[in-house]
1. Rounded if a/c is under 1.5, else prolate if a/b is larger than b/c, else oblate: which is the protein assembly as shown, with a ≥ b ≥ c the root eigenvalues of its Cα gyration tensor?
2. So what are the ³J(HN,Hα) numbers for the range B:106-122, from phi and the Karplus equation (6.51, -1.76, 1.60; θ = phi - 60°), rounded to whole Hz, Gly and Pro as x?
3. Which peptide among B:222-230, B:195-203, B:34-42 comes first, and what is the full order, when sorted by highest mean count of other Cβ atoms within 10 Å?
4. Quick one: which residues, 5+ away or cross-chain, put their amide H under 5 Å from the amide H of B:GLN88? H built at 1.01 Å from N.
5. Running a GNM on chain B with Cα contacts under 10 Å, which residue among B:ASP93, B:ASP32, B:ASP139 ends up with the highest mean-square fluctuation?
6. Between A:GLN154 and B:SER28, how many nm apart are label points set 7 Å from Cα along the C-beta direction?
7. Students often get this wrong, so check it: of B:LYS195/B:LYS226; B:LYS47/B:LYS195; B:LYS79/B:LYS195; A:LYS174/A:LYS303; B:LYS79/B:LYS120; A:LYS48/B:LYS195, which have C-alpha atoms separated by over 32 Å?
8. Give the calculated FRET efficiency between B:ILE113 and B:ASP139 to the nearest 0.05, with a Förster radius of 22 Å applied to their Cβ-Cβ distance.
Amino acid sequence: MSAPLLSIEGVSVELPTPRGLLRAVDRVDLTLEAGRTLGVVGESGCGKTMLSRAILQLLPKRAKLDGRVMFGGRDLAGLSREALRRLRGPELAVVFQDPMTSLNPVLTIGTQIVETLQVHLGMSGIAATKRGAELLAAVGIPAPEQRLRQYPSQLSGGMRQRVAIAIALSCEPKLLIADEPTTALDVTVQAQILDLLAREQQRRHMAMILITHDLGVVAGRTDEVAVMYAGRVVERAPTPRLFAHMRMPYTEALLAAIPRLDSAPHTPLPAIGGRPPDPTRPLPGCSFAPRCRYVEDDCRAAKPPLADPERAGSLYACWHPR
Amino acid sequence: MSALLSLENLTVEYAVGGRSLFAVSDVSLHVDRGETLGLVGESGCGKSTLGRAVLQLRRPTGGKVVFDGTELTGLGAEKMRLMRRRLQLIFQDPIASLNPRRRIGDIIAEPLIIVGVTDKAERDRRVREVMTAVGLDPDVAMGRLPHEFSGGQCQRICIARALILEPELVICDEPVSALDVSIRAQILNLLEEMKRRYGLTLLFIAHDLAVVKAVSDRIAVMYLGKLCEIAPTERLFAQPAHPYTALLLDAIPVPDPTVRPATNLAVGEPPSPLDPPSGCRFRTRCPRADRQCAAEVPPLREVAAGQFAACHHPLTGPA
Ligand SMILES: Nc1ncnc2c1ncn2[C@@H]1O[C@H](COP(=O)(O)OP(=O)(O)OP(=O)(O)O)[C@@H](O)[C@H]1O
Ligand code: SF4
Ligand code: SF4
Ligand SMILES: [Mg+2]
């Protein structure tokens with residue numbers, strides 16, 4: 001077997017805070033093959049975004065990164081800023097929750113796409129403009145030639161996200177990281193954007209990491225899922241297997257807590273009591289222990305490793321799996 | 001059952017750059033005493049404006065709001081102030097809606113002071129009671145400041161503040177949208193419990209249909225300021241009559257990988273509310289649109305028992 005496109009090995013991210021050192025990501029291992037989609041799910045503060053920033057080498061200045069981020073055979077952590085800049089676009093691209101993070105409000109859409117194509121692909125102005133219009137059409141933007149002349153503020157949120165996706169895809173990246181790309185959008189627009197991402201991904205045989213808090217989104221749109229809790233991956237499995245049999249109690253509880261379309265109104269929801277632990281005060285044992293209905297004494301003593309004891313292709317971090 | 005709240009042809013306009021934006025346009029509906037009416041629709045469709053108009057926080061430009069037989073539209077400021085203790089509002093962003101410099105006990109007691117409960121011991125007793133009801137420990141929480149609490153706990157504080165005057169109607173505007181999934185379920189359960197305990201009537205505004213389904217007896221669907229459909233919850237999910245309701249239902253991502261996400265959903269995004277389409281406002285995205293839809297505004301009509309839709313060509317109807 002050839003080496004995977006991306007392999008994250010023992011990645012930790014620590015941030016200094018007034019309350020002490022905060023371990024946002026705690027020894028995460030992940031791999032991703034070309035053309036596949038990995039969903040990363042978890043609630044706010046569980047480390048999803050810091051993990052994606054670690055892959056992109058876009059961590060806050062004072063953050064400390066440990067471990068290796070192997071991408072196409074190179075350790076990204078060891079690359080110079082210049083080498084990374086050349087990588088972003090043609091190799092690695094990102095779409096954020098708020099498209100304005102990557103769009104410049106004072107430049108037209110056209111200028112932003114054309115610049116990207118000129119810088120990374122060395123296209124001429126005319127060719128880049130033509131390609132820009134094609135890209136906008138491909139992401140479902142009507143009247144693309146006119147849109148090129150508009151500013152981001154003149155577009156709706158959904159249209160802006162389409163533009164951000166068009167720019168991210170413009171240099172045919174091998175890996176796209178989409179960090180909550182539809183969280184700010186309405187459901188009908190969300191469905192269209194997720195369709196768009198899936199279509200473009202298949203067409204380009206691109207790998208994608210789809211980061212979301214929504215188990216509904218990962219269910220329909222990913223090949224594999226990693227569930228994060230308190231900085232760690234606590235369960236990881238191919239998507240159908242994960243939903244068919246959740247091993248880690250947190251994953252199970254998270255799914256149960258979502259209001260279901262097929263249950264009757266006023267059905268009480270099996271809520272998860274309490275809340276995630278303070279990330280500056282890590283627990284010695286399982287981080288989910290204070291909220292887990294299956295907790296036993298040994299859970300509080302030692303952290304369960306992420307492992308696949310049955311060798312069934314499904315990893316989980318729990319001493320007493322379901 | 002009798003209507004506690006009824007809206008008759010309610011219209012709310014905003015002046016935007018010299019033009020009129022009809023955020024709520026000719027909406028009529030009622031909420032029965034003891035009922036939870038869910039109000040759903042996408043961003044900017046006018047849900048919050050409608051909620052604020054009920055409380056007269058935004059004065060309607062047309063139509064009436066009638067609460068327990070009293071017309072609120074046109075009520076003087078003093079009379080409205082007295083009425084306000086019977087109607088309360090809970091917002092989406094719990095942290096932002098709490099004064100960061102005041103202690104939790106004082107925040108929750110504030111409505112009591114406004115209505116003139118001068119006895120400190122009496123106020124304390126009631127604050128403790130309502131805090132306990134929403135799952136906060138008064139001994140621990142009363143003296144603390146909002147920043148010491150998580151989003152979910154701040155929402156509990158907001159709920160306590162809204163309930164302390166024992167209101168009859170509570171308008172919840174996206175009360176769980178800002179909360180994590182695991183906390184969301186706690187707050188939804190709490191709202192249901194409070195509704196039973198205090199005999200509340202709820203207008204529950206949200207964009208998430210699954211969340212709305214969990215708590216509502218009936219659901220109203222809005223699009224670009226207009227009411228599209230209103231029906232008993234189960235009926236709306238089983239047999240939506242309005243094409244927009246059907247689109248919303250199809251677009252919900254289901255946490256089950258054996259259900260393939262629907263594709264070819266009505267394309268495009270809502271048009272600008274400043275320049276809504278003629279006739280039916282949904283027609284630019286509706287697969288059933290025809291000439292009549294462009295020419296005539298569809299009136300809200302009963303298509304089945306208790307199910308009303310504003311559509312010329314509804315998906316379901318009497319057999
Ligand atoms: N103060 C205001 N001045 C001008 N226009 C406004 C104002 N408040 C809201 N609007 C506009 O009125 C329309 C309805 O807004 P409203 O906030 O009621 O929608 P909503 O359904 O609550 O949306 P969301 O789901 O985003 O909360 C939108 O087009 C909005 O941009
Ligand atoms: S290790 Fe123990 S506390 Fe942690 S999830 Fe498993 S059963 Fe629950
Ligand atoms: S009135 Fe016409 S355009 Fe509007 S929802 Fe019905 S069929 Fe569609
Ligand atoms: Mg709103």
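1. oblate
2. Computed from phi, the couplings for the range B:106-122 are 6, 4, 6, 6, 3, x, 5, 5, 4, 8, x, 7, 8, 6, 4, 5, 4 Hz.
3. B:222-230, B:34-42, B:195-203
4. HN-HN under 5 Å from B:GLN88: B:LEU169, B:VAL170, B:ILE171.
5. B:ASP139
6. 4.2 nm
7. Details: B:LYS195/B:LYS226 28 Å; B:LYS47/B:LYS195 21 Å; B:LYS79/B:LYS195 26 Å; A:LYS174/A:LYS303 35 Å; B:LYS79/B:LYS120 26 Å; A:LYS48/B:LYS195 36 Å.
Pairs exceeding the cut-off: A:LYS174/A:LYS303; A:LYS48/B:LYS195.
8. Working: r = 22 Å, r/R0 = 0.99.
That gives a FRET efficiency of 0.50.
The values are calculated or read from the model by the stated rules, or taken from the named source; none is laboratory data. Every value quoted in this text rests on a predicted model; they were computed, and no experiment measured them. With ideal geometry, Cβ positions are generated from the backbone for all residues, glycine too; neighbour counts draw on all protein chains shown. Calculation scope for accessible area: heavy atoms of the full protein, side chains included, ligands and nucleic acids excluded. Shrake-Rupley method; radii C 1.70, N 1.55, O 1.52, S 1.80 Å.
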